[in-house]
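Peer 1: The structure's right below; bear with me while I get my questions together.
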């Protein structure tokens with residue numbers, strides 16, 4: 001597998017994709033998030049990343065305006081209070097090593113916020129999960145691959161497609 | 001007594017108190033009600049005791065519409081012309097109409113029915129006996145266990161409701177002996193009514209002209225006449241009985257034959273239930289009571305949702321997915337993960353019921369449309385009766401209803417974390433995988449105002465003193481329940497009223 005330099009934007013995108021995929025799980029999983037469990041779950045998610053990528057490609061074909069890592073990342077985080085265009089410390093308060101440690105998140109790798117490492121803060125997964133539920137309730141939905149998805153779900157799939165499903169399984 | 005026209009003398013006149021045209025659910029239900037009553041009743045059944053191709057051909061005609069194509073054989077294949085009528089091919093699904101089906105609804109039927117659900121409740125109880133289902137418990141005890149075995153809690157936008165499943169009762173064979181034993185009943189087979197004769201001003205029926213395919217003819221004279229020949233044939237008989245009233249009997253307002261309805265049904269997709277242990281059991285047939293009676297749960301949008309979205313009623317029927325299709329579906333769902341990420345997906349998991357796939361059908365109440373109608377053609381059948389042209393049109397509103405319900409269900413499943421749904425519906429394809437239900441209704445609709453309906457609230461044809469109609473043709477709105485139980489309830493109500501009237 002070709003190693004791709006993990007730029008900040010790419011790091012944000014990967015974090016979001018992982019958090020988004022995690023958020024798609026049952027809500028009950030988030031409070032008990034721990035490193036071991038996260039690793040197991042993410043391994044499961046990674047197995048399915050290719051299928052998600054296919055959904056994402058279909059979404060991007062239908063919404064070409066979002067066909068860019070920046071556009072889709074901003075679209076995903078805009079309502080969550082995240083500001084990926086700001087310096088890192090201000091942009092992702094929950095994704096710092098300290099916060100990640102408190103949240104019990106971060107896998108694979110030892111911490112978050114360092115290139116080559118991926119963090120899945122509980123708060124982000126929870127925020128995305130709540131947003132997905134809310135979008136389904138209020139009909140902020142799209143139909144992709146025959147599935148009725150919340151817009152955020154579909155954007156997560158698009159992210160997976162854009163960063164490449166192999167990124168989710170790459171070992172730093 | 002069971003007779004055949006061939007046992008009668010050509011040209012013979014039969015006299016009775018009540019003549020019933022048709023021996024399907026309504027006709028047989030009414031006849032049984034009169035057994036032993038002392039009133040003489042003649043039941044005229046167009047077919048014999050078994051299916052006969054030549055008789056069935058009398059149903060063929062011209063057909064068109066949104067779903068029906070010229071080669072659909074809808075007229076001939078959606079009903080059966082022999083003793084027992086369409087109970088010879090029904091599936092036995094029984095459910096009363098929902099109370100709101102009778103109400104005025106501006107987006108479906110602004111006038112509502114001239115009677116309410118409470119008027120029919122006592123007759124539903126009796127109808128259940130004829131259909132051999134458990135007496136309907138209108139407050140199902142299962143519903144008192146919210147969130148135990150159902151997909152959604154009772155407060156959700158989709159509610160669980162039940163059909164009771166008749167064996168299904170084939171009314172002909174099942175009740176043949178009861179009818180034959182009753183000395184006051186004469187059930188005459190191969191007896192096709194070809195003309196309703198009236199007095200000079202078409203205010204009263206004087207006799208029925210009856211023919212057999214073999215050429216023999218008799219006439220039947222009664223004090224009261226009931227058409228119970230089915231949702232399409234009732235209208236045909238009225239339209240074809242035009243010797244005095246040229247536009248057809250009871251048709252001075254050009255309403256006979258209009259507002260034809262059937263329940264459109266679509267394959268809306270499939271759902272993946274994430275909590276199968278508490279969800280899908282009740283949506284396949286299960287046993288109730290001590291008599292091994294069967295019931296089956298379905299979903300329907302709540303009355304609040306129907307009002308908010310301005311939707312006709314609808315039902316969501318969940319079908320087990322054929323085992324041969326499971327591996328493919330499992331792969332797709334496993335790939336998508338959705339909120340099933342942590343469920344084991346695969347054949348082992350399916351076998352252990354960790355996850356359940358169900359096909360989703362949506363059945364809709366049609367919006368009554370005067371342009372959906374049956375009319376006479378110039379072509380005559382073997383008995384000299386004009387064949388029919390049936391045109392059944394469905395509107396954008398009907399398509400929107402089906403599409404909206406499917407999407408609402410997909411959303412509800414998702415945000416309540418009950419599962420997910422793959423949709424086969426889209427605006428681009430308004431009638432995907434659509435079909436019909438063989439539930440004919442509406443062609444002699446009930447309305448208190450003679451200007452807006454063919455029969456009144458007591459099912460008497462407006463303007464005619466001694467002619468009534470029984471069957472789905474009197475429904476002014478079809479609701480969404482399968483019609484047989486309501487047809488039976490209406491027929492039993494009519495029988496009670498007629499007995500009182502005939503005795504007085």
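Peer 1: Looking at segment B:41-53, is at least one residue crowded, with 19+ Cβ neighbours inside 10 Å and in a helix (DSSP H, G or I)?
Peer 2: Checked segment B:41-53: no residue is crowded, with 19+ Cβ neighbours inside 10 Å and in a helix (DSSP H, G or I).
Peer 1: Looking only at segment B:423-448, count every residue that is touching a residue at least 40 places away in the same chain (Cβ under 8 Å) and surrounded by fewer than 20 Cβ atoms within 10 Å (Cβ to Cβ) and tell me the total.
Peer 2: Matching residues across segment B:423-448 total 8.
Residues are listed down the side, and each one gets a yes or a no for (1) surrounded by fewer than 17 Cβ atoms within 10 Å (Cβ to Cβ); (2) within 14 Å of chain A (Cβ to nearest Cβ):
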site: B:358; (1), (2): no, no
site: B:361; (1), (2): no, no
site: B:379; (1), (2): yes, no
site: B:386; (1), (2): no, no
site: B:394; (1), (2): no, no
site: B:404; (1), (2): no, yes
site: B:410; (1), (2): no, yes
site: B:452; (1), (2): yes, no
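Peer 1: Quickly run through segment B:76-120 and pick out the residues that are assigned to a loop (DSSP other than H, G, I, E, B), surrounded by fewer than 20 Cβ atoms within 10 Å (Cβ to Cβ) and on the phi < 0 side of the Ramachandran plot.
Peer 2: Answer for segment B:76-120, where residues must be assigned to a loop (DSSP other than H, G, I, E, B), surrounded by fewer than 20 Cβ atoms within 10 Å (Cβ to Cβ) and on the phi < 0 side of the Ramachandran plot: B:89, B:91, B:98, B:103, B:104, B:106, B:107, B:110, B:111, B:114, B:115, B:116.
Peer 1: Would you be able to say whether some residue in segment B:425-433 is within 14 Å of another protein chain (Cβ to nearest Cβ), more than 23 Å from the chain's Cα centre (by Cα), closer than 20 Å to residue A:145 by Cβ and not in a loop (DSSP other than H, G, I, E, B)?
Peer 2: yes
Peer 1: If residue A:159 meets every condition in (1) within 12 Å of another protein chain (Cβ to nearest Cβ); (2) modelled with pLDDT of 85 or more; (3) surrounded by 18 or more Cβ atoms within 10 Å (Cβ to Cβ) apart from one, which number is that one?
Peer 2: So the condition that residue A:159 fails would be (1).
Peer 1: Still on this structure, I have one more. Restricting to segment A:123-139, name every residue that is touching a helix residue (DSSP H, G or I) at 6+ places or on another chain (Cβ under 8 Å) and within 10 Å of chain B (Cβ to nearest Cβ).
Peer 2: A:129, A:132, A:133, A:134, A:135, A:136, A:137, A:139
Peer 1: Can you name the residue in segment B:200-215 that is in contact (Cβ under 8 Å) with a residue 24 or more places away in the chain and touching a strand residue (DSSP E or B) at 6+ places or on another chain (Cβ under 9 Å) and, of all such residues, is surrounded by the most Cβ atoms within 10 Å (Cβ to Cβ)?
Peer 2: B:210
Peer 1: A follow-up question, please. Among the numbered conditions (1) in contact (Cβ under 8 Å) with a residue 40 or more places away in the chain; (2) part of a loop (DSSP other than H, G, I, E, B); (3) out of contact with any helix residue (DSSP H, G or I) (no Cβ under 7 Å at 6 or more places or on another chain), tell me where residue B:229 comes up short.
Peer 2: The number of the failed condition is (3).
The values are calculated or read from the model by the stated rules, or taken from the named source; none is laboratory data. This structure is a prediction, so every number in the text was calculated from the model and none was measured. Every residue, glycine among them, receives a Cβ derived from its backbone with ideal geometry; neighbour counts consider all protein chains shown.
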